[in-house]
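The values are calculated or read from the model by the stated rules, or taken from the named source; none is laboratory data. Just so we're clear, the structure is a prediction, and the values are computed from it rather than from any experiment. Cβ atoms come from the backbone with ideal geometry, glycine included; neighbour counts cover every protein chain shown.
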Amino acid sequence: MATDDSDNAQREQLKKLQAWQRKVQLLSDTELYPGAVSFLQKLVDEEEFSALPNSQVAGLFSVSLSPKYSDLYDFVKHQRDRNWPESKRDIKTFYTALERYLAEMHRRCLRDDFHLLEGERDTRQAANEIMVLLAREFIQHLLAENGLLALRVRPRRSR
Amino acid sequence: MNQEMKIVREVSVQAEGFYSDAESMGKHAAEALGGKRRAQMTGLENIAEGAFKTSDIFDYIKKQTARFEEWRRGYTEGDQSYGSFGLRLKDYLERNIAGRRDTICGPNILNFSNQTEEGKRERQRIYLLLIRQFIRQMVAQYEFSVKFGFGEGTGDGNRRQR
């Protein structure tokens with residue numbers, strides 16, 4: 001009997017995850033991709049941001065695959081708060097902006113702006129699970145765009 | 001005619017409309033990548049065929065462009081010069097193909113709202129169908145150009161292999 005209950009709970013959890021993934025697939029194209037492009041463009045325009053270096057790209061990509069949103073968010077805050085030398089000002093600029101963006105995305109998620117929390121009893125827990133999916137998509141778009149940005153910056157730096 | 005048939009017809013009509021652009025882009029790909037980088041074109045085609053999101057295709061093009069010098073090569077066709085292959089392809093898909101999606105999803109043809117979730121999902125699906133068509137056409141021209149040479153369909157397929 002206990003096994004039946006556990007199977008049912010797992011099935012329900014899987015169904016919920018699939019429904020979220022379908023919605024996140026749509027949000028990824030309609031909101032997260034354009035959001036990532038304008039996020040970087042804004043940093044370039046307003047903060048003279050060049051590009052995130054490759055070592056940071058690899059680290060951020062790897063932590064974005066974590067199943068716990070808190071792992072990613074803590075990493076971003078940690079990178080933001082490190083005492084970076086002036087030559088690495090871009091890294092601090094990037095993580096400062098990313099922390100703000102993720103915090104706002106989390107607030108929107110809790111307000112159910114993305115329409116993903118319907119029927120959830122523990123909305124805080126559900127929002128954290130959804131944030132794993134949303135943040136992962138957003139960061140993957142950011143890193144792809146950052147690759148193009150690095151190309152534009154390279155000739156400027158080598159002058 | 002049911003809705004699905006209408007979609008197939010409208011996508012086909014648009015595909016006829018962008019055929020010459022796909023041909024030009026296929027020649028550009030052949031010039032930039034040559035015959036030894038065929039796997040990168042089939043890789044792009046596979047990504048496009050299997051993608052659930054258009055952003056996966058754009059991210060792939062961006063990553064390839066950042067990673068490989070070949071994807072950044074320009075091309076001259078007649079008196080027209082083009083910059084980086086990867087950026088040209090990305091911009092074309094994001095602007096021209098998106099414009100065609102808006103046309104066929106608009107109120108005069110398929111009438112898919114971009115306000116409702118269902119409408120947005122249909123628009124996303126149609127965008128993917130259009131991109132796949134374009135990439136199939138482009139890759140076909142690429143294969144033809146690397147095999148038979150560029151432009152006039154004559155010449156040695158290995159001529160430009162790098």
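Taking first residues from region B:56-82 that are within 26 Å of A:Leu26 (Cα to Cα) and partners that are of a type outside the set (Ser, Thr, Tyr) and part of a loop (DSSP other than H, G, I, E, B), the Cβ contacts under 6 Å between residues at least 6 apart in sequence or on separate chains come to B:Ile57/B:Ala51.
Give region A:80-121 a look and list any residue that's of a type in the set (Val, Ile, Thr) and within 14 Å of the chain's Cα centre (by Cα), or say none. Break it down stepwise before answering.
Taking region A:80-121 first, the residues of a type in the set (Val, Ile, Thr) are A:91, A:93, A:96.
The answer is A:Thr96, and nothing else.
State all residues of region A:23-33 that are more than 9 Å from chain B (Cβ to nearest Cβ) and surrounded by fewer than 19 Cβ atoms within 10 Å (Cβ to Cβ); if no residue qualifies, say none.
So the first thing to find is which residues in region A:23-33 are more than 9 Å from chain B (Cβ to nearest Cβ), and the list is A:24, A:27, A:31.
Result: A:Glu31, single match.
Scan region B:92-102 and give yes if some residue there is β-branched (Val, Ile, Thr) and modelled with pLDDT under 95, otherwise no.
Kept after step one, since they are β-branched (Val, Ile, Thr), are these residues of region B:92-102: B:97.
Next, from what is left, pick out any that are modelled with pLDDT under 95: none.
No: region B:92-102 contains no residue that is β-branched (Val, Ile, Thr) and modelled with pLDDT under 95.
For the structure I just gave you, tell me whether A:Lys15 is loosely packed, with under 13 Cβ neighbours inside 10 Å and in a helix (DSSP H, G or I).
yes
With respect to A:Ile139, determine if the residue is in a helix (DSSP H, G or I), within 12 Å of the chain's Cα centre (by Cα) and not polar (S, T, N, Q). It is true that A:Ile139 is in a helix (DSSP H, G or I), within 12 Å of the chain's Cα centre (by Cα) and not polar (S, T, N, Q).
Each residue in region B:102-152 was checked for being of a type in the set (A, V, I, L, M) and farther than 21 Å from B:Ile47 by Cβ, and 3 pass. Scanning region A:84-124 for residues that are out of contact with any Lys or Arg (no Cβ under 9 Å at 6 or more places or on another chain), more than 16 Å from A:Ala19 (Cβ to Cβ) and among the polar types (S, T, N, Q) returns A:Ser87, A:Thr93.
When region B:25-36 is examined, which residues are found to be touching a residue at least 60 places away in the same chain (Cβ under 8 Å) and either within 14 Å of the chain's Cα centre (by Cα) or buried (at least 17 other Cβ atoms within 10 Å of the Cβ) (or both)? Lay out the reasoning, then the answer.
Let us first name the residues in region B:25-36 that are touching a residue at least 60 places away in the same chain (Cβ under 8 Å), namely B:25-31, B:33-36.
Residues satisfying the conditions are B:Met25, B:Gly26, B:Lys27, B:His28, B:Ala29, B:Ala30, B:Glu31, B:Leu33, B:Gly34, B:Gly35.
Of B:Glu4, B:Glu16, which residue is more than 16 Å from the chain's Cα centre (by Cα), of a type in the set (Asp, Glu) and in a helix (DSSP H, G or I)? Give the derivation first.
Working: B:Glu16 fails: more than 16 Å from the chain's Cα centre (by Cα).
Step by step, each of B:Glu4, B:Glu16 is checked, and only B:Glu4 is more than 16 Å from the chain's Cα centre (by Cα), of a type in the set (Asp, Glu) and in a helix (DSSP H, G or I).
Among the residues of region B:59-77, the ones that are farther than 14 Å from A:His141 by Cα and polar (S, T, N, Q) come to 2 in all. The residue list B:Phe58, B:Phe52 contains one member that is under 14 Å from the mean Cα position of the chain (by Cα) and either surrounded by fewer than 20 Cβ atoms within 10 Å (Cβ to Cβ) or within 13 Å of chain A (Cβ to nearest Cβ) (or both), which is B:Phe58. The residues on offer are B:Asn114, B:Asn108, and the sole one that is within 11 Å of another protein chain (Cβ to nearest Cβ) and not in a helix (DSSP H, G or I) is B:Asn114. Counting only helices (runs of 4 or more DSSP H) wholly contained in region A:24-110, the ones carrying 3 or more residues that are touching a residue at least 12 places away in the same chain (Cβ under 8 Å) and of a type in the set (D, E, K, R) occupy A:89-110.
Exactly one residue among A:Ser66, A:Ser70, A:Ser55, A:Ser62 is more than 14 Å from chain B (Cβ to nearest Cβ) and surrounded by 14 or more Cβ atoms within 10 Å (Cβ to Cβ), and that residue is A:Ser66. The residues in region B:72-101 that are closer than 15 Å to B:Ile135 by Cβ and either among the acidic types (Asp, Glu) or within 10 Å of chain A (Cβ to nearest Cβ) (or both) can be counted, and the count is 4.
I need the full set of residues from region A:111-120 which are within 20 Å of A:Lys68 (Cβ to Cβ) and free of Cβ contacts under 8 Å to residues at least 60 places away in the same chain, in order please. Full working, then the answer.
Narrowing region A:111-120 to residues within 20 Å of A:Lys68 (Cβ to Cβ): A:114, A:116-117, A:120.
Across region A:111-120, the qualifying residues are A:Leu117, A:Glu120.
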